[in-house]
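Each value in this text was obtained by applying a stated rule to the coordinates, not by laboratory testing. Note that the structure is a prediction, hence the values are computed from the model and not measured. Neighbour counts run over all protein chains shown; Cβ positions are idealised from the backbone, glycine included.
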Amino acid sequence: MIWVVLSERHPSETSIMTVSTKVDPPKYELPKRHEEYYFEDGNVVIQVECTLFKVWDGPLRRHSKFFDSTNVQEEKPGELQAGADDEHPILVLDVKSEDFERLLWIVYPLVLGQCRAKTVQDWMAILDLCTKWGINDVKSMASRELSSMDLDPIEKIEFQQKNILSAQWAYEAYITVCSRAGPLTVEEGKRLGIEATVKIFTVREGLEKWGRKKPEDVQKAVCDAFKLEVPKPSKT
């Protein structure tokens, strides 16, 4: 690159300065094998970000069309099939390696009878991938675990919508939002979308108009608006 710099000695004089523009090429991070989920006797290699996982393809293909053998190109003479080895892995895009590992905790438990997923973040990541890949059995399990965890009401409703869960799953969240002191903020409305926001506003407006603040009034208004049912008391 050539830079033209005005000389300080006289405005009309210029001097030419050559500047090196040599730039080191971006460093390519070689994929590394996962410390736990790279089984030597596994039969398929999957790359997520810069991490290689080697597992048995049966459970994944059986529960998800994404990994189903019908979605893998037929092997051609002289060519290795995707997933055959570290140099020819199945590439999974737009997924974090730590989230994929969380899913493997459930599909391939390292210790039978033990579940490593403990936190809201763990189960949310698992449920997101189950929705993305249609792993319905694990999705049901994750939704049950999350339903009993302490989630912010707005976050819970947003998550319910994102993962196409029944509105009944977020029943308590709808009750809380419709009966709280303050209305939805603009940001909360954007997160929940027009339909849910309008319904929540309508419920709140009706309760305010008629001065109905009893729990049973709130429950009826919410159930009518969102087509929900009041949960039956759990048997002790």
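Tabulated data
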item: Between the stretch 31-65 and the stretch 149-211, the alpha-carbon center distance in angstrom; result: 39
item: Cβ-defined net charge surrounding LYS213, 13 Å radius [Lys, Arg +1; Asp, Glu -1]; result: +3
item: Additional length obtainable on full extension of the chain from GLU40 to GLN168, 0.36 nm per residue less Cα span; result: 41.7 nm
item: Binned Cα-Cα distances of the stretch 151-229, short to long, each 10 Å bin given as a whole percent; result: 19, 58, 22, 1
item: Spatially near lysine pairs across the stretch 76-231, Cα under 14 Å, sequence gap of 8 or more or different chains; result: 7
item: Pair LYS118, CYS50: separation of 7 Å Cα→Cβ label points (nm); result: 2.9
item: Label zone at LEU91 (point 7 Å along Cα-to-Cβ), backbone N below 16 Å, the stretch 39-70; result: 45-53
